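Data first, discussion second: the structure below is written as structure tokens.
The values are calculated or read from the model by the stated rules, or taken from the named source; none is laboratory data. In this text the structure is predicted, and so the values were computed from the model without any measurement. Positions of Cβ are backbone-derived with ideal geometry, glycine not excepted, and every protein chain shown enters the neighbour counts.
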Amino acid sequence: MPTATPSSAFRAPSASVWCNQSPAVTLRSSLVHDADEQASQLTGWNQQYDQLSCGAFSGELLELHLPQMQVFRERVSQSVRQSCTLWSDALWLGLPDMSNMSVMADQAHIRINGRLNVGHDIMLRPGDEPFELLTPPAHSIFGVVVRQQALQAAAERQGSRIDWPGLQQAHWLQAGGTSRARSQRLLQAALANAPVGLSPALQARHAQALQAELLDMVVGLLEHGIADPGPRQSLAKRQRVVSQARELVLARPDHAVTVPELCEQLHVSRRTLQYCFEDVLGLSPLQYLRAIRLNGARRQLRQAALRQQSVQDVAVNWGFWHFSQFASDYRKLFGETPSTTRKAGAH
């Protein structure tokens, strides 16, 4: 089968992208209790997380680096809005964890760029293309990021064709149940049996064999899976409305913008605004925008002690003028008081 040349939209990584990533095989893990701190744990990604469901947050990450790829498993305890960008010259595949039967139904409620997962499909996005995930509580996902050149070379060895322009538009990949389950088992085994702590020569051989197996897995998924054709124009319009509403809130964080103000500035009816938010996020405008402001206040509170800012200073900066209500809403969402967050950030 003929091979395709990668799209020009995939750019080679600059030296600055990879200068912090060692070519050696590395395995690292983390356990944190803040959504935005969790966002910073994944090496080489530019991310920001906003917690949306109520309760104390817990996030875990297990991450393996091989010379041409990154493999990880992430678990978060609360529903999170994730703004993500991975490095250029790469392709990410995300496999929602299907091993826990009690949460499998919730994993079907994942949204990527507003698109709801109606089954248990595999998510995928290219490097340098910002995307947004909305994940449910008790969410667990396996991820693999592959350098474009390595993936193209693996495809050529197998006589397979990669539709790079199609992947640029796709968000979901429909894979058969057997192939999907096998891929998750391979990723799980790669993390459990990472070739670390070996002699350099033995580590190199094990890493090469593991990487080849994982590259074959990704090529197989791309060749036999069915990629979605990209978002409908109507959904893209609703995404823009939600994005513009968020930008308006963040442009003036000290002003608690109202729904009528949003409708006026975005030139949409109240009903249209409500529908856009529910279709893209599954939330009402008020729920989402209040959560965005509370998460913004939390980020600032984590730095407030160092900047000699009080809890009241931060509350006012994010448009919360009734301090008792702010403290109540904050504790309900994050499971701790604003002053507790401020004190923890000082250490």
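What to note about this one:
- Leading residue by the ranking (farthest from the chain's Cα centre (by Cα)) among those in the stretch 25-40 that are modelled with pLDDT of 95 or more and either buried (at least 20 other Cβ atoms within 10 Å of the Cβ) or of a type in the set (Phe, Trp, Tyr) (or both): Asp34
- Candidates Gly282, Gly296 - the one that is under 27 Å from the mean Cα position of the chain (by Cα) and at positive phi: Gly282
- Per the listing Ala207, Ala212, Ala192, the residue uniquely among the small types (Gly, Ala, Ser), over 15 Å from Met123 (Cα atoms) and free of Cβ contacts under 8 Å to residues at least 24 places away in the same chain is Ala192.
- Any hit, the stretch 312-319, residues being in contact (Cβ under 8 Å) with a residue 24 or more places away in the chain and among the acidic types (Asp, Glu): no
- Any hit, the stretch 126-147, residues being more than 15 Å from the chain's Cα centre (by Cα), buried (at least 20 other Cβ atoms within 10 Å of the Cβ) and not assigned by TED's automatic domain parsing to the domain that holds Asp279: yes
- Matching residues, the stretch 64-79, being surrounded by fewer than 21 Cβ atoms within 10 Å (Cβ to Cβ) and either without any contact (Cβ under 8 Å) to a residue 24 or more places away in the chain or not in a loop (DSSP other than H, G, I, E, B) (or both): Arg75
- Glu63, sole failed condition from (1) under 14 Å from the mean Cα position of the chain (by Cα); (2) among the acidic types (Asp, Glu); (3) farther than 18 Å from Arg290 by Cα: (1)
- Looking only at residues in the stretch 239-259 that are in contact with a Gly (Cβ under 9 Å, 6 or more places away or on another chain) and under 20 Å from Leu134 (Cβ atoms), the one that is surrounded by the fewest Cβ atoms within 10 Å (Cβ to Cβ) is Leu250.
- Single match in Leu262, Leu198 (criterion: in contact with a helix residue (DSSP H, G or I) (Cβ under 7 Å, 6 or more places away or on another chain), surrounded by 15 or more Cβ atoms within 10 Å (Cβ to Cβ) and free of Cβ contacts under 8 Å to residues at least 40 places away in the same chain): Leu262
- The criterion of at least 1 residues that are at pLDDT 95 or above and either under 30 Å from Arg240 (Cα atoms) or in the same structural domain as Ile112 (by TED's automatic domain parsing) (or both) is met, among helices (runs of 4 or more DSSP H) falling completely within the stretch 276-347, by 285-304, 311-317, 323-334.
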